[in-house]
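The values are calculated or read from the model by the stated rules, or taken from the named source; none is laboratory data. In this text the structure is predicted, and so the values were computed from the model without any measurement. Cβ sites come from the backbone with ideal geometry, for glycine too, and all protein chains shown count toward neighbours.
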Amino acid sequence: MVIGAIRKAIEKRRQKKTEETIEQNKLESFRDTEAMKKAEQIKKEADRLAHLKQYKTAIDEYNKALDAYPYNEKEQIFKKPAEFLFKIYYNIAASYSFQNKFNDSIDYFNKALEIEAADNDNKVKALMGKGNCYYMAKQLIKGDYEKGAYKISMESEFDVDEESLEAFKRMDEKHDLLKLSYECFTKATELDRNNADAWYKKGHMEFLMNLVKDAMLSFDNLLAINKNYENKESIELFDDIKQEKGIKIEHLKALDKDMKFKTKTGHLVRNKAEKMIANFLFENNLVFQYNMAVSWADKDDFKTAFFIPKLSLYIEHFKYDNIKDYQKLMKWKIRQYDKSKKSLIYTLSEDEKNIEEALKIKLKPYILL
């Protein structure tokens with residue numbers, strides 16, 4: 001009796017497997033059905049409209065394609081239905097993002113990511129899109145959306161209403177939009193270790209969150225994949241790492257836009273510490289040049305922070321000197337001055353508490369103030 005029961009169980013499993021195989025074969029040939037052909041045709045029209053930037057109409061057509069889609073949610077476990085559904089959800093998400101409707105976009109990226117049978121390449125695409133939406137929502141809150149790869153198109157038709165802005169602010173207060181964006185890019189790097197864009201955006205979020213050590217590791221991974229990767233967001237740390245590795249960098253106009261701190265002399269500088277240094281020099285009648293390219297360094301794209309012609313003296317500020325991994329970059333930059341016998345003083349993170357006093361002490365060998 002026991003043997004008979006075992007045989008029946010084995011036979012039952014075989015029969016079930018045969019039925020699943022038949023069903024899978026049926027689904028794999030689903031494009032030949034009339035209903036599926038109709039859904040595919042509607043999707044093609046939606047794709048055409050999206051390409052023409054008629055996003056609202058495109059979304060309507062994508063939803064019609066979903067209505068015509070002849071298989072239920074359980075059948076998403078099979079490859080072809082999963083691929084079709086993923087493309088619909090992903091394209092709807094993208095269409096919403098182009099209209100600056102980031103909440104709707106995130107919802108549809110989530111729908112795409114919930115399709116278990118979607119391959120890793122598609123999941124990475126959805127994660128990157130979702131991460132971009134969180135970061136662009138953060139930019140909207142800050143009113144800082146006119147530069148870099150994340151530039152947001154603010155055409156009158158796609159203006160963001162106050163209700164949406166308030167929703168983003170509440171989301172930021174509750175979850176931190178930068179962190180949500182970072183988590184998306186991190187998952188993307190886990191699924192595809194060779195995705196340079198994912199490493200760059202992960203490093204960018206880490207830099208903005210002041211996780212400098214983590215950002216350096218992300219940028220190291222990126223440069224191992226593509227040493228000539230373009231620094232679209234003009235991240236100073238990324239350029240420093242490239243220089244230290246002997247990789248040529250290009251000065252971008254976007255870098256000038258990234259300098260947001262205005263000094264008493266009218267210069268735009270990168271951070272508050274540099275602003276304090278510039279104002280101190282101005283108040284003490286020390287004329288200076290800022291962000292100046294020099295010919296004496298090992299690399300022709302090497303730039304100094306401050307140069308005081310009257311004293312033939314350079315000043316640098318190393319804001320992350322307390323992070324061990326950054327110290328290598330700091331030492332490399334200092335060596336550039338030493339090798340060329342250039343006079344240099346520099347301030348560190350601990351000096352930011354009273355940078356004027358620190359500068360007075362460091363300037364004593366050159367001038368009495």
Out of the residues in the range 1-59 meeting the condition of being under 30 Å from residue 102 (Cβ atoms) and hydrophobic (A, V, I, L, M, F, W, C), tell me which one is modelled with the lowest pLDDT.
39
For the range 171-196, pairs from a residue that is over 13 Å from residue 209 (Cα atoms) to a residue that is among the polar types (S, T, N, Q) and surrounded by fewer than 17 Cβ atoms within 10 Å (Cβ to Cβ), with Cβ under 7 Å and 6 or more apart or across chains, are 191/120; 192/120; 196/226
Can you tell me which condition residue 71 does not meet? The list is (1) of a type outside the set (S, T, N, Q); (2) over 30 Å from residue 164 (Cα atoms); (3) modelled with pLDDT of 70 or more, and all the others hold.
(3)
Going through the range 273-292 one residue at a time, which ones are touching a residue at least 24 places away in the same chain (Cβ under 8 Å) and over 19 Å from residue 312 (Cβ atoms)?
273, 274, 276
Exactly one condition in (1) buried (at least 18 other Cβ atoms within 10 Å of the Cβ); (2) touching a helix residue (DSSP H, G or I) at 6+ places or on another chain (Cβ under 8 Å) is false for residue 336; which is it?
(2)
Output the residue which, of all residues in the range 224-248 that are among the aliphatic types (A, V, I, L, M) and crowded, with 20+ Cβ neighbours inside 10 Å, is farthest from residue 203 (Cα to Cα).
241
Given the conditions (1) buried (at least 18 other Cβ atoms within 10 Å of the Cβ); (2) of a type in the set (Phe, Trp, Tyr); (3) within 26 Å of the chain's Cα centre (by Cα), every one holds for residue 290 apart from (3)
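Looking only at residues in the range 304-316 that are touching a residue at least 24 places away in the same chain (Cβ under 8 Å) and not hydroxyl-bearing (Ser, Thr, Tyr), which one is farthest from residue 364 (Cα to Cα)?
Our first condition is that a residue be touching a residue at least 24 places away in the same chain (Cβ under 8 Å); within the range 304-316, this holds for 305-306, 308, 310-316.
Still in the running and not hydroxyl-bearing (Ser, Thr, Tyr): 305-306, 308, 310-311, 313, 315-316.
Values: 305: 20, 306: 17, 308: 14, 310: 15, 311: 12, 313: 12, 315: 14, 316: 16 Å.
The residue in question is 305.
When you check residue 241 against the structure, is it β-branched (Val, Ile, Thr) and more than 25 Å from residue 176 (Cβ to Cβ), yes or no? Before you say what the answer is, go through the steps one by one.
Numbers: β-branched (Val, Ile, Thr): yes; more than 25 Å from residue 176 (Cβ to Cβ): yes.
For residue 241, the condition - β-branched (Val, Ile, Thr) and more than 25 Å from residue 176 (Cβ to Cβ) - is met.
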